Structure formats: structure tokens, C-alpha cells
Amino acid sequence: MRTLNSFERRFINQFQGGFPLIRHPFCRVAATLEMGEATLIQMVDSLVQQGWLSRFGPLYDASRLGGAQTLAALTAPVERFDEIAEIVNGFDEVAHNYRREHELNMWFVLSVEHRSKIAPVLSAIERSCGVRVYNFPKEKEFYLGLYLELGDDGSVKTVPSPDADRGRGYHLDARDRQLVVATQNGLPLTAEPYALVAEQVGFDEKEVISRLRLMLDSGAIRRVGAIPNHYRLGLKANGMTVWDVADDDVESAGADIARLPFVSHCYQRPRYQGIWAYNLFAMVHDTHRQGVIDKAIQIEEILGSRCQSKEMLVSSACLKKVGLRLAA
């Protein structure tokens, strides 16, 4: 397997966000990287085609576009696991789905345009699979962001995300929706990407750039740039660490965990009496399983006596992973 060259590493490190909203964005980025514009565009296309990047363009936040997301879990009997995974993945609303090492062995994320759709979709999944589905909606967000730093020695690590706390929401109108549909799979890899998007949606380039900038400033777009495939780049191990923290302590505990550079998500979620004791969730990533375990130990040390019990659900398979998808 080939390794990334210095230009590719620099590009990914510098442009996971901050891709310019101007007429010739690749020209400006190429000048920063001291390479030719055409060479840069070809390089980005190669990174996408070879799977180093999941896509290139805006990373939308469904919840800030007026939509909603939730985390859900079920127990799939071993003999029916593949069958149930196929059923769950067949729902367009399922954005991510993972097999995790726990009695609740299938965890998936719904991403829907309206909160009112969550309950009906979960009920439909429950009926189709014939097993109980548990809903774990986000009650409070302490941190969300996954930025990677690639080292010259081939190392990869997570670093704090500069876009984690920007904006609080955006009203999506009909023209914004056209724009989201046109760009949710990525930007065209051409010298004037916003002009080509403008042709597709039927309004001028200045309006495309203006609307993207408004969505970016509001947090409806978390960032514009390279969306790394962290599995391909080496972060092959992840663990969903879950913690039973007294309700009076969850705010301080969540804030402390959110400051750790290796945590990509940290939320308060509901308990289920007799089934699930944990109300604080934190995702950690590493290049290997022991690294994930070591990071969970660091979290436990920080929580101290506030932690009453804990578990770590290691991901053993990624069953589905797509971004926000609005219907045309």
C-alpha cells in the first residue's frame, strides 16, 4: 500500500476546513502549498478516488439545518446479525451503523429532516427486525469534532477541532436546499467549482458563495474542505466509552472530557433502568485497540469519584457510513 507524499499530508493537515469561498479557490490553495493549480486538483481527485478522503467539500450539520439526529441500538442475535444489518442499512435515514462488542451489538445513527420522523422510523426498524430498538437522543452536546494531524513518519492523531462551537442554527429555505442537494456529495473538482454548482442549481456564482458562507458562519456547515477517511489513514480502532455519572456531576464531567484532544464526540444521553446505566458518552480513536484502552483509562482518571460505573464498546465492524443526504 502506498503512503501519502508530503504535499498530500500538508494538504490534508491544512485544509480539513478553511477551503476558500472565492471564484478560484484551488488557485489560492495551490499557492499556499507551492504547487500548480491543475496538479492540486488532480491530487485531490486522486485522494478521493483512492479512499484517503471520504469526500471533498462542505460538511453539513443536520441538526443545525433544522433536521435531527439520534443514536439507537439493538441486540441482533448472532445467527441473524447479517440479516438485521441489511434491514437496518436499507433505511435511507440510517447514516452510520456499527457492530460493537456488547450485548447491544448494533449501534446506528438516524439523520432525518424533521424530528417528528425519528419515532416512526425507529418503530419501522423495530417491526422489520423483530427486536427491541433503544433510542439514545442527545440531551446535551459537550463536544463534536474530528480533525486529524498526519505526521511525516506516517503517524496520525486527533487534534482539537476549531469548528466545534461555531453557530447555533440556520433556517433552510428552498434555494439553500437546492444548494445542499447539489453539494452534499462534495464539490466539483475543477478550477471554478462554485460556478459549476451555480450552473447545476440555476443561480449565479455569487449567490452560491454567499449562501455557503452564511451556512458556514451559522454552523449549518461545520467546515468546507477535505473530509478524511480516518480508517484508511490509520485510525482503525475506536471505542464508545460510556460512563454512569450522577446527574449533578454530568455538566462538569462532560466539560472535562470535552477538553481531551483524542475525544471526537461527547454527549449526555438517557439511561434505561435495568438495561443501560450510562448517561455520558465519549468516542475515542487510535491506531490500535490498546491505544483506545489507554485513552479510556485517562478519561476514568479525570472523572475520578464522579464515575460510578463504566463500559467501553469497541467497534468491530463499520456496517454503513454516509453523510447528510437530503432528497432532491
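The values are calculated or read from the model by the stated rules, or taken from the named source; none is laboratory data. What you see is a predicted model, and the numbers here were worked out from it, not measured in a lab. Cβ placement follows ideal geometry from the backbone for every residue including glycine, while neighbour counts extend to all protein chains displayed.
Here are the numbers:
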read-out: Filtered residue count, the stretch 70-104, keeping only those that are out of contact with any strand residue (DSSP E or B) (no Cβ under 6 Å at 6 or more places or on another chain), modelled with pLDDT of 95 or more and not in a helix (DSSP H, G or I); value: 5
read-out: Given (1) over 28 Å from residue 286 (Cα atoms); (2) crowded, with 18+ Cβ neighbours inside 10 Å, index of the condition residue 94 fails; value: (1)
read-out: Only one of 286, 248 that is over 15 Å from the mean Cα position of the chain (by Cα), of a type in the set (Asp, Glu) and crowded, with 17+ Cβ neighbours inside 10 Å; value: 286
read-out: Pair list, Cβ < 6 Å and 6+ apart or interchain, from the stretch 289-315 residues that are farther than 16 Å from residue 253 by Cβ to residues that are among the charged types (D, E, K, R); value: 292/286; 313/100; 314/101; 315/100
read-out: Near pairs, Cβ below 6 angstrom, 6+ apart or cross-chain, from the stretch 191-205 (within 13 Å of residue 179 (Cβ to Cβ)) to any residue that is part of a helix (DSSP H, G or I) and of a type in the set (D, E, K, R); value: 194/205; 198/205
read-out: Top-ranked residue in the stretch 97-127 [being small (Gly, Ala, Ser) and over 27 Å from residue 274 (Cα atoms); ranked as surrounded by the most Cβ atoms within 10 Å (Cβ to Cβ)]; value: 111
read-out: Residue identified as of a type in the set (Gly, Ala, Ser) and without any contact (Cβ under 8 Å) to a residue 60 or more places away in the chain among 66, 36, 57, 51; value: 36
read-out: Single residue of the stretch 289-319 satisfying the filter (hydroxyl-bearing (Ser, Thr, Tyr) and part of a strand (DSSP E or B)) that is nearest to the chain's Cα centre (by Cα); value: 315
